[in-house]
Structures are given as C-alpha cells and as structure tokens.
Amino acid sequence: MAAGQLFSRTTQALFYNYKQLPIQRMLDFDFLCGRETPSVAGIINPGSEGFQKLFFGQEEIAIPVHADIEAACAAHPTADVFINFASFRSAAASSMIALKQPTIRVIAIIAEGVPESDTKQLIAYARANNKVVIGPATVGGIQAGSFKIGDTAGTIDNIIQCKLYRPGSVGFVSKSGGMSNELYNTIARVTDGIYEGIAIGGDVFPGSTLSDHVLRFNNIPQVKMIVVLGELGGRDEYSLVEALKQGKVTKPVVAWVSGTCARLFKSEVQFGHAGAKSGSDMESAQAKNQALKDAGAVVPTSYEAFEAAIKETFDKLVGEGKIAPIKEFTPPPIPEDLNIAIKSGKVRSPTHIISTISDDRGEEPCYAGVPMSTIIENGYGVGDVISLLWFKRSLPRYCTQFIEICIMLCADHGPCVSGAHNSIVTARAGKDLVSCLVSGLLTIGPRFGGAIDDAARYFKDAYDRNLTPYEFVESMKKKGIRVPGIGHRIKNRDNKDKRVELLQKFARTHFPSVKYMEYAVEVENYTLTKANNLVLNVDGAIGSLFLDLLAGSGMFTKQEVDEIVGIGYLNGLFVLARSIGLIGHTFDQKRLKQPLYRHPWEDVLYTK
C-alpha cells in the first residue's frame, strides 16, 4: 500500500445505498472547507434511477442516482472513492464489483459483520490491484479541509471544534470510529490539528492496517507527527512495531493500545469490536504498548496521559522549527435545515420540482440549454423545438422534418372521428376552448389515436426477437390482442392510407435505416391474407418509423429508446398534432354559431 495521500480537495466519491444524513454531512463539510465542487458525484441505489435533492451550502443541488455500480462509474469517471453503506449481507459483493471498476481507487465499507472469508477476498484483490480498502466496520476517514467519508467526525459543531475544516500537522489512525472522534478533539486541543485521520475498523481482518496508514503518513510532507490508537486483540500493532524497528517510519509516533483493563477479568473478554478480544499475552494491550515503546514510539503510561504525550511531542517539533504556526480563519456558517431552524427563524426550504428541459432564469429562456435567440436566429422549426424539449438534444434535420410531417398528417381526420365529434358537441354546448379541447383529447386511447406507442412496442419486441410476421401475428392472436397499428375502418388493400405512403416515402429517402418499418410492411402483407382491411394504418407507420428514427440516428441508447416508448412519447406526438385539429373544430363551430347539439332519435336503436 504505502504511497501517500488518499484524498484532496477535488476528490469525489460514489455513495452506495442512499442515506440522506451522511451524504448531507459530507456536503456540509465540503461547504465548510470552501470546496468548489461537491464531494459526492453520484449515488447508487440498486434498482432506482433519477436524482436526489440535497444542499450544498445554501444552494440545493440534484445528485444523479444510478441503478448499478457500472453505470455510476461510467457516468462519473473522475469519482475514485466508493463509500459503501450496504448491509453486511451485500457489502462484500457490491464492494468487489466496485473494486473491479478501473476508476475506483479507494473503498470504505461501513457495515459490521461482513463474513471474514469475503473480507479476505476483498483484501487480496485490493492488494493485487494496488487499491485501498478502509473497513469493514468503519466510520471512514477524513482529510482535514478537503474530504470526509460519510459520518466521520460527526456533527458540524464537532468538526469546527476539532478544527477539521482546515489541515493540521498530525496523521491519525485508529481502529475505532467512536474513539476517532474523541482523539480528533484531543489532538485539536494540544496541536494544530489533524491532517488526515483514518478509522480502519474493528473487525478481525481490516482491509488496511494501522501500519499501512502510518507508512503512508510517513510519505506525506505535511504530516509532521503520527498518532496511533490501537486496541487489544489481534497482532496488527506488531506490523507497526516491525516498521519502526526497520526505520521505515522516520516521523515521531505517539501510540496507545487500549484495553489494559482486560487483565482485571478472570476470563477472556470480548470488547465492542469483533477484533477486540483478549487472547494470548502477546495480544494484550500491555504487551503491545511495551513492544511499541521498545520500537521507538512514544507510549504514555495510561490513556489519561495520552493527551500530554501528544502535546509534548508536538511542542518539541514546534520548538525545533519543524512545524510552522497555522493561520486560523473562521469557516462559513452552515445554513440550518428547516426542521432545526423553525424556532430560530433561519430556514432553507427544498424545491418541489426538478426540471431538466428548460430554464427561464437568465436573460432569455433556454430550451435544453439552447437560448431562445439561437433558436430564432438559426431558423429552428417546430420539430427542432420538440427535439429539444422532448428529447433534450438537437436531432438531425431529417428527424425534425419527420416530426413536423407527422404533426401535419395527424392534425385532423375530419369531423366524424370520435375526438373531433366530442370537441364539436362540447363547443356547441357553449363551453370554452380548453374544455372543448380536453373533451376531444380524452377520447384518445387504445381505440383512437393512442396505438402508436403500442405499435412501436410490439413491432420492436417482435423484430428484436427475430419473430417472423406469421409468428408475431399468430402469437398476438393466441393472447387475444389485436396487432396495434394494423387495420382500418375505411382503408383497405386497394385504397391504402395516403398518409402512410407519404411517411414511408420520406423515410426511405432520408432515413439511414428503415428496418422496423420494413418489418411492419411484412406484417401488413401477412395480415392482408386474412382480411382486406388489415392494412398498416398511420399509427403503425409512425410507431415503426419512430423506432427507425431513434435507432438509426445514433443519438439514443437502447435503454433510452425503451424509455421513450414506455413513457408515451409517440402518443404524445399524436396528442400534439390532433390538438391542432380539435382547436380548429372548436373555432369552426363557434364561428358558425352552431346551436346545442342533440342526437337524432332515428340514429338510436331503442330496445328492451
């Protein structure tokens, strides 16, 4: 391990298994230290995606949430620390996946009770690949003034009291996270504070040892002295003894091994940590303290004298001119959260909406980051605006032109279809424009205009699974499902929908690939052998061609294509287009001053 500093002011981490409080504490520490960027680049919450809203000082930020470790590492290649808050049941497996990512350099495993055999595998892999594991059963570590892991050092008040918002001259390593907080305070009282502090964890097999970090501290110029807090049980401290004897550690080491009271008990004693277990004499606190002292470490006579020993060593270094005074400063105040600040009147309130498609806060509105002036000056059309607001990117011109053609072709289909009929009846009832529009839109669904998404979904699934048209149609028949995008009440083999022909002609001329459309045509050829009106309708044409647009443009991943179809983007296109016609019918009826509509009796079958 050796090498030197693990963290810096630019270090960023991936946080596994979302926990609001430790992440917020990390971000508050960042703000306290004056970091420009948050130390948490992304969150991994298995099975979930999106964003989590948190505070970076007064500013609320959205941190990306990823469903798996690989996706998070790919999205945040500069984040090289993995903070694992998984339970002991899954901590080892998730940590191994993280270790195998080329971008991850340091892993902190918080959980206690990770199976020892799993921990040994993690240690072996990390050492073979020059990576660092802190834990299991750790609170983490801290680089004063730069970066901290999770709940390390506790509350902001404690961090300020321990002067951890700026670097000191002391490197500190301990097995215990709780005692780390105590020692941060102790060290701050009698020295200029911590430079780096690590709690390696209290399990029998820690991912990194006390001596690993002491040797690192020895290579960090800013660390002038080292403080070590060990505990009875195990033989980890003896590796430090050997390093001291061999002269590998050249900086003053002040050490204490806790657990000297174990000898007062008549039987073997198990303290809080799995590794803190009094066994042989060699594993006793007394034996370890003596060995460290014999090797050259400064070892006090008791824990009560530990603070004085640290102070004496520090003062000596100051007297020798090896430690220069640190200029103190007052860190910025951290805004209080709402539930804490209500009584004091200091409040910050979270936002309730996340928007990624537009921003109206600047000098001019922006669509997906493109200023309105650019949209106008570059001659963007409606298709371009839809590509920005719906797909959050500028699509090639043939794509936006296709969108515009779809809107024009689907704007209206006469007054007799259900949507237009509803809008007309509502308009003649004297209702306002919005009511008339909504009454027509509410008829859009599986039987009217809402089959575009289903057509795309079924055609894509069948094509991707290499089903022949026969296999596809017959399987749908067995399920009792009509093939979406096939069939028309009026059009037939000899009188096909002109809109479909226009769309197909445009696509064959401009699209790089029309594999989904050609598959839909093959399905149509088969369905026409069953009935003369089972033609490819406009829903099926738009659905299949939109698949070709998404797949052929090279601007969408497979996951994005599936999401677009699943969310309902394609039906959205029909809704947008048909709204033009529904508004037109509304205005037409109002302009003509048509009276209240009443359906004629002769058009109703009255029966018992």
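Other residues whose C-beta falls under 12 angstrom from the C-beta of Tyr470 contribute a net charge of -1, scoring Lys and Arg +1 and Asp and Glu -1. When the Cα gyration tensor is reduced to axis lengths a ≥ b ≥ c, the ratio a/c is 1.5 or higher for the stretch 1-151, and with a/b above b/c it is classed as prolate. Tell me whether the stretch 289-386 comes out rounded, prolate or oblate; compute the Cα gyration tensor, take square roots of the eigenvalues as a ≥ b ≥ c, and use a/c under 1.5 as the rounded threshold. The shape class here is prolate.
For the chain, the longest principal axis of the C-alpha atoms and the axis of helix 469-479 are separated by about 80°. Checking the table Lys120/Lys248; Lys505/Lys593; Lys491/Lys558; Lys19/Lys245; Lys478/Lys558; Lys431/Lys505 against a 32 Å threshold on Cα-Cα, which pairs fail? Pairs exceeding the cut-off: Lys505/Lys593; Lys491/Lys558; Lys19/Lys245; Lys431/Lys505.
When only alpha carbons of the chain are considered, Rg and Dmax amount to 34.5, 111 Å. In percent, rounded to a whole number, the relative contact order of the stretch 471-576 is 31, using alpha-carbon pairs under 8 Å and six or more apart.
Each residue, Glu312 and Ser239, gets one label point 7 Å from its Cα in the Cβ direction; the gap between the two is 3.0 nm. If R0 is taken as 35 Å, the Cβ-Cβ distance between Thr374 and Ala341 corresponds to a FRET efficiency of 0.25. Taking 18 Å as the straight-line reach from the Cα of Lys148, the aspartates and glutamates in range (excluding those fewer than 8 positions away in the same chain) are Asp28, Asp30, Glu36, Asp80, Asp157, Glu182, Glu196.
Normalising the average separation of contacting C-alpha pairs (under 8 angstrom, six or more residues apart) by the number of residues puts the relative contact order of the chain at 9 percent. Take every pair of alpha-carbon atoms less than 8 Å apart whose residues are at least six positions apart; their mean separation over the length of the stretch 411-592 yields a relative contact order of 36 percent. For the stretch 411-592, how big is the tail of P(r) above 20 Å, as a whole percent of Cα pairs? Counting pairs separated by more than 20 Å, the tail of P(r) holds 56 percent. May I ask you to give the percent of accessible area on the chain that is carbon plus sulfur, with a probe radius of 1.4 Å? The nonpolar share, carbon plus sulfur, comes to 55 percent.
Each helix, a run of at least 4 DSSP H residues, gives -39500 (n - 2.57); summed and divided by the residues of the chain, these come to -13000 deg cm²/dmol at 222 nm. Stretched out straight at 0.36 nm per residue, the stretch from Asp494 to Met282 would grow longer than its current Cα-Cα span by 66.7 nm. Stretching the chain fully between Arg393 and Lys120 yields a gain of 93.6 nm (0.36 nm per residue, less the alpha carbon separation). With the cut-off at 1.5 for a/c, could you classify the stretch 521-608 from its C-alpha gyration tensor as rounded, prolate or oblate? In terms of gyration-tensor shape, oblate. Taking every protein chain into account, the accessible area of the stretch 411-592 amounts to 49 square angstrom per residue (probe 1.4 Å). The modelled label-to-label distance between Phe88 and Arg508, using points 7 Å beyond Cα along the C-beta direction, is 6.8 nm. For the stretch 425-506, the direction-averaged projected area of the alpha-carbon convex hull comes to 8.2 nm².
Note that the stretch 13-320 presents 38 Å² accessible area per residue, ligands and nucleic acids not counted, probe 1.4 Å. With R₀ set to 56 Å, the beta-carbon distance separating Thr37 from Leu605 gives a calculated FRET efficiency near 0.20.
What the pair-distance distribution of the stretch 13-320 shows, using all Cα-Cα distances binned every 20 Å from zero, is 34, 57, 9 percent.
Here the peptides 414-424, 501-511, 136-146 are ranked by packing, the mean other Cβ count within 10 Å, and the order with the highest first is 136-146, 414-424, 501-511. The distance between label points at His413 and Ile61 comes to 5.0 nm (points 7 Å beyond Cα on the Cα→Cβ vector).
Between Ser435 and Gln401, full extension at 0.36 nm per residue minus the direct alpha carbon distance yields a gain of 9.1 nm.
Hey, what D do you get for the stretch 66-222 in µm²/s if you plug the Kirkwood alpha-carbon radius into Stokes-Einstein at 25 °C and 0.890 mPa s? For the chosen part, D equals 155 µm²/s.
Other residues whose C-beta falls under 13 angstrom from the C-beta of Ile63 contribute a net charge of -2, scoring Lys and Arg +1 and Asp and Glu -1.
The values are calculated or read from the model by the stated rules, or taken from the named source; none is laboratory data. Not measured: the values here are computed from a predicted model. So basically every Cβ, Gly included, is an ideal-geometry build from the backbone, and we count neighbours across all protein chains shown. Note: areas computed on protein heavy atoms with side chains; ligands, DNA, RNA excluded. Shrake-Rupley method; radii C 1.70, N 1.55, O 1.52, S 1.80 Å.
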